[in-house]
Amino acid sequence: MIQELSYVGVASPHVDNWRSYGPGLLGAMVKPDGPAGAVRLALDDINHRISIHPGTADEFRYAGWGLANETDLRAYVEQLTERGVDIHWGDADLCREREVAELAWFCDPWGLRHELTWGKAATPNSFQPGRVMRGRFVTGDQGLGHVVFQVPDMNKANEFYADVLGFRLSDRIVNGYFNVRFYHINGRHHSLALAEFPGHVGFNHLMLEYENMDDLGRAIDLLERHDTEIMQSLGRHTNDLMTSIYITTPSSFQIELGHGGLVVDDLSWVARTYNKPSYWGHRFSSAARTRAPGILNPIE
Ligand code: FE
């Protein structure tokens, strides 16, 4: 009953770099700081979508998932509790900070924190892109974009995310190098993907989608100005048909900037297995070979 990826939070020592990277490269809008100097970015009229909290290391903090309303949130929390998920209700301060009406949170089997919410605040006609853009970000009923986590055990992860949480499988990419599962919760081909990475848990990337191809092209033109490296070259994915690049951020995880992603119809969708991630492109750069693939931590 989760309906959208609503927001994402990380911690990082390089919070202030986001004040130029966010608007100048991505085209996001910088909003007033959150508590303790957290940088907040908006991608549309929702008050904020991305939070970078000051911290001593790059760290994934939380993914916020939106439900339709309070009735759905309560029913879903009850259902997860019955399945043994340890759920905590957020207090008024936390709800105020996230700008949601209500919030309940839990961690996955490896400690990745997920927040279930409804009633996120929006300010109509407030969004102004941080740089020249021909279109907007694709959000609305497809949510913020998608997140990709590395998990040590795909079977266990699928049991939790699909069987318990109810993420619906879109497809898999399986070959000698990849074992990745993609899940939808709305029309976006995937709001969540899980990549098997034995012995580790991590936050690999956040995907943001532009309505207009020129805004992706412009981002490529602006990479150098923002000391940003390409991790995977421009390419097109086999499963969600997204044309995209993968780039570094000031905080170790990557951002995939895309255009033209597939919209799925859950009523007729049948999951496939692909043997490769891309029709063309998405070549790993030399930078990609020397850096960790995201915020990646060994399991203790
Ligand atoms: Fe992606």
**Prompt:** Ignoring ligands, DNA and RNA, what percent of the 1.4 Å accessible area of region 140-298 is carbon and sulfur?
**Reply:** 49
**Percentage of interatomic Cα-Cα distances in region 249-300 larger than 19 Å** = 55
**Prompt:** Among 77, 28, 105, whose Cα lies farthest out toward the positive end of the dipole of region 4-118, if unit charges sit on the beta carbon of Lys, Arg (+1) and Asp, Glu (-1)?
**Reply:** 28
**Message:** Just the number please: accessible area per residue for region 1-64, 1.4 Å probe, all protein chains included, in Å².
**Reply:** 32
**Item:** Among beta bridges that DSSP assigns inside the chain, antiparallel share in %, nearest 5
**Value:** 70
**Request:** Could you give the size of the charge dipole of region 18-117 about its Cα centre, using +1 on the Cβ of each K and R and -1 on the Cβ of each D and E, expressed in debye and rounded to the nearest 20?
**Result:** 380
**Asked** Taking the Cα centre of region 149-215 as the origin, how large is its charge dipole in debye, to the nearest 20, when only Lys and Arg (+1) and Asp and Glu (-1) carry charge on their Cβ atoms?
**Response** 280
**Prompt:** Exactly which trypsin sites (Lys or Arg not before Pro) in region 1-104 are in a DSSP loop and have at most 15 other Cβ atoms within 10 Å?
**Reply:** 83
**Fill in**
Unit-weight point scatterers at every alpha-carbon of region 82-212, Debye formula, q = 0.09, 0.15, 0.16, 0.20 1/Å: log10 I(q)/I(0) is -0.33, -0.88, -0.98, -1.30
**Positive dipole terminus of region 95-254, leading residue within 250, 190, 180 (C-beta point charges)** = 190
**Request:** Please state, rounded to one decimal and in Å, the Kirkwood hydrodynamic radius that region 200-296 gives when every pair of distinct Cα atoms enters the mean of 1/r.
**Result:** 14.3
**Item:** Portion, in percent, of the accessible area of region 4-118 that falls on carbon or sulfur, probe 1.4 Å
**Value:** 49
**Asked** Per residue, how many Å² of accessible area does region 140-298 show with a 1.4 Å probe?
**Response** 43
**Estimated dipole of region 165-300 in Debye, rounded to 20 [Cβ of Lys and Arg +1, of Asp and Glu -1, Cα centre]** = 460
**Request:** Highest first, please rank the peptides 265-273, 144-152, 236-244 by the mean number of other Cβ atoms sitting within 10 Å of their residues.
**Result:** 144-152, 236-244, 265-273
**Message:** So if each residue of separation counts as 0.36 nm, and I subtract the Cα-Cα distance between residue 163 and residue 214, what length gain in nm does that give?
**Reply:** 14.4 nm
**Message:** Using +1 at the C-beta of Lys and Arg and -1 at the C-beta of Asp and Glu, which of 293, 37, 3 has the Cα lying farthest in the positive direction of the dipole of the chain?
**Reply:** 293
**Message:** Please report the equivalent ellipsoid semi-axes of region 1-78, computed as sqrt(5 x eigenvalue) of the Cα gyration tensor, largest first, in whole Å.
**Reply:** 26, 15, 9
**Request:** With a bin width of 10 angstrom, please list the P(r) values of the chain as percents of all Cα-Cα pairs, from the 0 bin to the one holding the largest distance.
**Result:** 6, 29, 39, 22, 3, 0
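The values are calculated or read from the model by the stated rules, or taken from the named source; none is laboratory data. Bear in mind the structure is a predicted one, so any value in this text is a computation, not a measurement. As a convention, Cβ positions derive from the backbone with ideal geometry for all residues, glycine included, and neighbour counts pool all protein chains shown. Heads up: the accessible areas ignore ligands, DNA and RNA and are worked out on the full protein's heavy atoms, side chains in. Shrake-Rupley method; radii C 1.70, N 1.55, O 1.52, S 1.80 Å.
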